[in-house]
Amino acid sequence: MPLSEHEQRMLEQIESALYAEDPKFASTVRGGRLRSATGRRRLQAAALFVLGLFLLVAGIAAPFKPGGFPIISLVGFIVMFGAGVLLLIGGPRMSSPSGRGSDAHPSTGGAPGVGRGKPRKQGGFSARMEDRFRKRFEQDS
């Protein structure tokens, strides 16, 4: 179910305020679907791929094939596939799921009016959100 326009604006405001209050944490939790692999993860994936390739070839060459089906080759293929998956999703997060890059940060062109030109109060965002919640709760009662 898609978000309403009001909910979308609120979400953007929350995101902008999070960037303004703690940019390091915000960039850490920003998330991402595509990740780049670290050197260690690449080495692990390459070793698994070679092991899977060895099992694939050994399964074909082996005389023992229960039911005429090379099970060892199937296991090798699964190991190779797992190595590919490990390589694709194994590293630190690199991009956001919304497709926006660094221009979503308030200091570089994010949501207008949030975190710019005004001195921040201690806990200002939290206090505003609590006030809004209280007002909505009081309106519903």
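The values are calculated or read from the model by the stated rules, or taken from the named source; none is laboratory data. This is a predicted model, so every value here is computed, not measured. Glycine also receives a Cβ, built like all others from the backbone with ideal geometry; neighbour counts cover every protein chain displayed.
Overview of results
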{"read-out": "Among the residues listed as F25, F49, the single one being over 30 Å from R132 (Cβ atoms), without any contact (Cβ under 8 Å) to a residue 60 or more places away in the chain and of a type outside the set (K, R)", "value": "F49"}
{"read-out": "Residues that are under 18 Å from the mean Cα position of the chain (by Cα), loosely packed, with under 14 Cβ neighbours inside 10 Å and at pLDDT below 85, drawn from the stretch 7-26", "value": "K24, F25"}
